[in-house]
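Laboratory data are not the source of any read-out in this text; all were calculated from the coordinates shown. Please read these numbers as outputs of a predicted model, since none were measured by experiment. Virtual Cβ from ideal backbone geometry, glycine too; neighbours counted across all protein chains shown.
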Amino acid sequence: MRWQEPGITLPRPPTVAEARARDKAQRAREAAQRLAEVQAQKAEERRRTRNKVLMGSAVVAGIAAVVAVGYAVIDRDDDVEATCVQQGSNVVAPEEYCERGTPSSGGTFIYAGSPYQYYYGGQNRGIGTVATGGSLELPRGTTARTSSGTRISKSDGSGSVSRSPSVSRGGFGSSSSGSSGS
């Protein structure tokens, strides 16, 4: 090797292999940089889309909740359960005792000399148990439903109770067949 003098000696030109390797490394660095930029851009687009979907889902859930509350308020059923009890002791009696009795004011029914009446709301554990947590007076503007489906309502201020049996015709699983005369 020859002696090199600082500031005077010029570097030798690169060989063809060195130039190719340098160019190849430069292209790889540029490709990696472009790939990182594209990945960052796609990640940002996914983040924005995810946020939009999340906000849209929250809006849909909110609207569904408002609609559900609206239906609950509009379709608010003031139905209470009516249970036949023996007057004075509130012992639960069979439903037929109240249904076959004669109505008097306040929802009391007389059956074979023994008074029975409806107990509205509350809890009971079946015939022979004492009904608790309810009232013997049907609140104004509410409707009571017996286990047989009879509806009892008290809507006016007179204290009279009206009964209307519910009739069920058809429904899921029902079928009717017949023949017509010809």
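Things worth noting here:
- Per-pair calculated FRET efficiency, R0 = 45 Å: Lys52 and Arg145 via Cβ, rounded to 0.05: 0.40
- Val80 long-range amide H proximity, modeled H, under 5 Å: Thr143, Ala144, Arg145
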